[in-house]
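The values are calculated or read from the model by the stated rules, or taken from the named source; none is laboratory data. Just so you know, these numbers come straight off a predicted model, no measurement behind them. A quick note on method: Cβ atoms are made from the backbone with ideal geometry, for glycine too, and the neighbour counts reach across all protein chains shown. Note: accessible area is taken over every heavy atom of the protein model, side chains too, but ligands, DNA and RNA are not part of it. Shrake-Rupley method; radii C 1.70, N 1.55, O 1.52, S 1.80 Å.
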Amino acid sequence: MIEQPLILITLLIQLGVSAAVSSVLARSRRFRVLLFHEDRDIWEKLEMVLFIGGPFMLGVLVRGTVKNFIAADVSFEAAILLGVIAGRTAGACGGILVSLPYLFMHQYLNLPLNVVAGLSAGFLREWAKDREAIWSFSPLFDLSIYRWIRRSIAKAFIDWQTTFFFMILGLQFLRLETRAVFPHHTWALDSPNWLVRGAIYATSVMTVAIALKVLNNTRIEMKLEEQERLLLQARMEALQSQINPHFLFNTLNSVASLVRFDPDTAREMILKLSKILRRLLKQGDSFVALREEFEFVDDYLDIEVIRFGHDNLKVVKEFDPASLEVVIPTMLIQPIVENSIKHGLSPKVSGGTIYLRSRIAEGMLVIEVEDDGVGIVEPGSEVSEWNTPQRGAGIGMANVRERLNVLYSDAARVEVESRTGAGTIVRILLPIPHSGEMDGVNYDLRSNSPR
């Protein structure tokens, strides 16, 4: 017979074991994903069984092999935890997994007891109308009992939380009575002292509740991260919805200027515009390979070259092939090119040249858009930072700034160098994503624009 003080100390350690194992599980990225998504297929349920059942099975093994460390065995509560989190199938499988060491210790009846515990918790999970009630289960059950009695009398229904509480007590009662009848084939902490036995019942409830609380904190963190991600996505979509009409309006003006006196050229521009619109309609493409972004800029420049004339607008491209496979935000370069044409080259009677460059330097992707136009004519520094207001900072450029700020924060850097009458360089430095996040398709430098 185990001494009463040792039983109480063991019960306290069991609470710590439950909290420690739950905290370790919550650090696993895959487990967090499985925990966050409630609707799991059979393979994901088996993964949950391995994640939760594995450590607690080892605890049973430790209890059987290490003298005076019986607190490691919380297999009964683990089976209940698996059932209430992942359903009856996972509860039953988890009950079997955590009970395997019992078979080698000849404590055979623990296996069916744990399977029944996992199945019962799984059935109760399916009975719950609101799955969130599972995660709000609390060991502070006094108010729950009061609410249960009040609601049961007023509305004639059973509160899930209180039912779960009594289910754990009932299963523990079955376990202890089985041990009393078959002491050599069943393992469980027990005591003839009714106060200590009450502590055993309370510890079972609190062990499950503490594990649920720890895992629920992980779920809440993931929900907050998901809400933040959705908020950023909505913000990006709002910015994209501003940039697309702005760009389309300017392009249609270019097409309209040719319709009356050069219909054939206007038809060619409309075909180019249709390709551009097809790209703009791909709302899901938030990121594309740099080569695809340059292809999109090519279509825009083809229209602008026709509008200004081949002699008045030239395009020079200097691309490092390795840089063309780096993923960047879509519609990043076109507003900068448009800004260079509109504010740098248009005021210049003889037109000029746009230089597009890309390379990888010091672990960063460097993109340059340069023009030999009029430069920044407002007074100010010749080298300016990204947050400094620039000439032509309309909808397009403002959205580029905002999108980079949302996506990269301080990791991206944009520099603007300009000399009055000599042109402007916009240089974007972006962090390079990890390898494997993009396709390995070669970039075809096709364009009707002069190079």
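Among the residues of region 8-25, not a single one is over 27 Å from A199 (Cα atoms) and open to solvent by 50 Å² or more (accessible area, probe 1.4 Å).
So for region 120-128 (the condition being open to solvent by 90 Å² or more (accessible area, probe 1.4 Å) and either among the hydrophobic types (A, V, I, L, M, F, W, C) or at pLDDT below 75 (or both)), does at least one residue qualify? Checked region 120-128: at least one residue is open to solvent by 90 Å² or more (accessible area, probe 1.4 Å) and either among the hydrophobic types (A, V, I, L, M, F, W, C) or at pLDDT below 75 (or both). Within region 92-114, if we keep just the residues that are open to solvent by 30 Å² or more (accessible area, probe 1.4 Å) and without any contact (Cβ under 8 Å) to a residue 60 or more places away in the chain, the residue that is nearest to G54 (Cα to Cα) turns out to be L97. Please verify whether region 130-144 includes one or more residues that are open to solvent by 20 Å² or more (accessible area, probe 1.4 Å), touching an Asp or Glu at 6+ places or on another chain (Cβ under 7 Å) and basic (K, R). Checking region 130-144: at least one residue is open to solvent by 20 Å² or more (accessible area, probe 1.4 Å), touching an Asp or Glu at 6+ places or on another chain (Cβ under 7 Å) and basic (K, R). Restricting to region 68-103, and then to whatever is among the charged types (D, E, K, R) and closer than 16 Å to Q14 by Cα, can you tell me which residue is nearest to the chain's Cα centre (by Cα)? Going through the qualifying residues, I end up with E77. Checking the structure you have, find out if any residue of region 59-82 is under 19 Å from T218 (Cβ atoms) and open to solvent by 20 Å² or more (accessible area, probe 1.4 Å). No: zero hits.
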